[in-house]
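Peer 1: Structure below; questions to follow.
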Amino acid sequence: MVFFSVSMSLDGFIAPESSEELMGKQWMELQQWVFRQRHFRENLQLGTGGEEGRDNDILRETFERTGASVMGKRMFDAGETMWPDEAPFHTPVFVVTHEEREPWRRPGGTTFHFVNDGIEAALDQARTAAGSRDVRIAGGAETIVEHLNAGLVDEFTVSLSPVLFGSGIRLFEGIDASRVALAQVAAEASPKTTHLKYVVHLR
């Protein structure tokens with residue numbers, strides 16, 4: 001299964017326009033439901049404690065089903081300076097880029113592989129690496145939309161946070177709505193977000 005899972009503002013944004021604004025007030029509000037969870041805190045080694053419940057279960061289930069990830073260069077560039085030494089993936093990650101670079105191995109089982117011949121090549125490598133588990137399209141939005149338009153995504157979850165951005169990076173900017181059709185299969189609400197799950201079909 002190929003999937004993605006993201007937090008989105010009510011007006012359709014998943015990140016600020018500039019990577020310098022990551023960890024800013026709006027982004028922190030968008031991700032507030034994530035930061036409070038025990039699984040997130042443990043995975044990023046932020047200390048003990050944290051909430052348990054359905055939000056925490058969803059984060060843990062997403063982590064456990066993921067055998068490999070694919071991400072775009074913009075997301076990698078932002079994360080390279082922000083992630084701890086023990087990056088939070090703990091699986092192979094395939095970065096779609098034009099940059100030629102040797103694999104970057106991090107403590108805790110994460111290795112970043114840099115793929116220069118497009119999303120399908122990166123996804124093929126990720127499928128092989130994932131084995132019996134699923135492949136997550138980690139982001140950013142452009143990479144997610146490329147996979148959707150190419151018919152390469154099976155399902156996704158949007159966690160809709162009660163915050164407005166006004167501007168930034170829209171999740172579905174550039175989507176080919178003539179090709180991509182959705183069926184909603186689940187909706188789960190919590191005090192800080194609503195998790196909406198969809199199966200993807202090509203029209």
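Peer 1: Just in the range 89-129: which GluC sites (Glu not before Pro) are loop by DSSP and have at most 12 other Cβ atoms within 10 Å?
Peer 2: Details: sites: 99, 100, 120; in loops: 99, 100.
For GluC sites (Glu not before Pro) across the range 89-129 that sit outside H, G, I, E and B with at most 12 neighbouring Cβ atoms in 10 Å, the list reads 99, 100.
Peer 1: Also, quick follow-up: Skipping prolines and chain starts, which residues have an amide H placed within reach, meaning under 5 Å, of the one on residue 95, given they are 5 or more residues away or on another chain?
Peer 2: 71, 113, 114, 115
Peer 1: Quick one: accessible surface of residue 27, probe radius 1.4 Å, all protein chains present, in square angstrom to the nearest 10.
Peer 2: 40
Peer 1: Based on the alpha carbon coordinates of the range 91-189, what radius of gyration and maximum Cα-Cα distance (Dmax) apply, in Å?
Peer 2: 15.5, 43
Peer 1: What 222 nm value per residue comes from the helices of the chain, counting each DSSP H run with n ≥ 4 as -39,500 (n - 2.57) and dividing by all residues, nearest 500 deg cm²/dmol?
Peer 2: Numbers: 7 runs with 59 residues, N = 203.
Value at 222 nm, helices only, nearest 500: -8000 deg cm²/dmol.
Peer 1: Residue separation times 0.36 nm, minus the C-alpha to C-alpha distance between residue 177 and residue 124: what's the value?
Peer 2: On the way: separation 53, 0.36 × 53 = 19.08 nm, distance 2.49 nm.
Here the answer is 16.6 nm.
Peer 1: What list of ³J(HN,Hα) values in whole Hz, one per residue of the range 164-181 in order, does the Karplus curve 6.51 cos²θ - 1.76 cosθ + 1.60 (θ = phi - 60°) give from phi, with Gly and Pro shown as x?
Peer 2: 3J(HN,Hα) across the range 164-181, in whole Hz: 10, 9, x, 7, x, 9, 7, 5, 9, 4, x, 5, 8, 5, 6, 10, 9, 10.
Peer 1: Across every pair of different alpha-carbon atoms, what Kirkwood hydrodynamic radius in Å does the chain reach?
Peer 2: 17.3
Peer 1: Using a 1.4 angstrom probe on the protein heavy atoms only, could you order 172, 156 from most to least accessible area?
Peer 2: The residues order as 172, 156, largest area first.
Peer 1: Please report the carbon-and-sulfur percent of the accessible area for the chain; probe 1.4 Å, protein heavy atoms only, DNA, RNA and ligands left out.
Peer 2: Details: 5020 of 10230 Å².
Ligands and nucleic acids excluded, carbon and sulfur reach 49 percent.
The values are calculated or read from the model by the stated rules, or taken from the named source; none is laboratory data. Quantities reported herein were computed from a predicted structural model and do not represent experimental measurements. Cβ: placed from backbone, ideal geometry, glycine included. Neighbour counts: every protein chain shown. Remember, those area values only see protein heavy atoms, side chains included, never the ligands or the DNA or RNA. Shrake-Rupley method; radii C 1.70, N 1.55, O 1.52, S 1.80 Å.
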